[in-house]
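Below: one structure, written as structure tokens.
The values are calculated or read from the model by the stated rules, or taken from the named source; none is laboratory data. Only a predicted model underlies this, so the values are computations on that prediction, with no experimental measurement involved. Cβ sites come from the backbone with ideal geometry, for glycine too, and all protein chains shown count toward neighbours. Side chains included, ligands, DNA and RNA excluded: accessible areas come from the protein's heavy atoms. Shrake-Rupley method; radii C 1.70, N 1.55, O 1.52, S 1.80 Å.
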Amino acid sequence: KRILPSHLFVREKPDAVTGANPDDLKARLVAGRDRSEILYDEKSSPTVSADSLKAISALAARDRYSVGTVDFPGAFLNCIMPRECPQTFIRLNRFLTEVMVSIDTRFLKFVSDNGTMVLKLNKALYGCVIAAKLWYDMLRST
């Protein structure tokens, strides 16, 4: 089985109104994208071209339309990995494994000799190249 590395990114979450950095932190666990491309055959989702985006922006400006964006927090985390995809595994480093075990000691039996833990992904994770396609397919089907 192919095991992807994982990385944890943590940053201070600025206040939406004032821009000040409160005590809140934002963390994101991501899979090793650089190695996940070899796991999937069909992995791309449609992406708007820069020319299309400029044309739509110009039309909106000409006709004085309001333009907005939408953010779906945790979008990729809502996508279940399909059975027809190869099983995807990630490795948590020693620090993340210690955090998992401190949250729930039942994870202790899954810790390897080198102090890391291998997890099977049931849902897409940021960094999996197939995550964007799964999200697009889910949006299309609803």
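Quick notes
- Inside segment 57-80, residues that are in contact (Cβ under 8 Å) with a residue 40 or more places away in the chain and small (Gly, Ala, Ser) make up a count of 1.
- Test for SER45: is it at pLDDT below 85 and surrounded by 10 or more Cβ atoms within 10 Å (Cβ to Cβ): yes
- Selected residue (criterion: least open to solvent (accessible area, probe 1.4 Å)) from residues of segment 114-142 that are among the charged types (D, E, K, R) and more than 12 Å from ILE80 (Cβ to Cβ): LYS133
- A single member of LEU59, LEU77 is at pLDDT below 85 and either more than 14 Å from VAL129 (Cα to Cα) or surrounded by 11 or more Cβ atoms within 10 Å (Cβ to Cβ) (or both), and it is LEU77.
- Residue that is farthest from the chain's Cα centre (by Cα), among those in segment 80-114 that are in a loop (DSSP other than H, G, I, E, B) and farther than 29 Å from TRP135 by Cα: ASP113
- Single residue of segment 87-113 satisfying the filter (among the aromatic types (Phe, Trp, Tyr) and within 20 Å of GLY127 (Cα to Cα)) that is least open to solvent (accessible area, probe 1.4 Å): PHE89
To keep it simple, each residue is scored yes or no on (1) in contact with a Lys or Arg (Cβ under 9 Å, 6 or more places away or on another chain); (2) within 21 Å of PHE76 (Cα to Cα); (3) among the β-branched types (Val, Ile, Thr).
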residue: SER102; (1), (2), (3): no, no, no
residue: THR105; (1), (2), (3): no, no, yes
residue: LYS109; (1), (2), (3): no, no, no
residue: GLY115; (1), (2), (3): yes, no, no
residue: LEU119; (1), (2), (3): yes, yes, no
residue: TYR126; (1), (2), (3): yes, yes, no
residue: ALA132; (1), (2), (3): yes, yes, no
residue: TYR136; (1), (2), (3): no, yes, no
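- Single unsatisfied condition, LEU77 versus (1) under 18 Å from LEU8 (Cα atoms); (2) assigned to a loop (DSSP other than H, G, I, E, B): (2)
- Filtered residue count, segment 100-136, keeping only those that are more than 23 Å from PHE9 (Cβ to Cβ) and in contact (Cβ under 8 Å) with a residue 60 or more places away in the chain: 1
- Any hit, segment 115-134, residues being farther than 17 Å from ARG28 by Cα, at pLDDT below 85, among the aliphatic types (A, V, I, L, M) and part of a loop (DSSP other than H, G, I, E, B): yes
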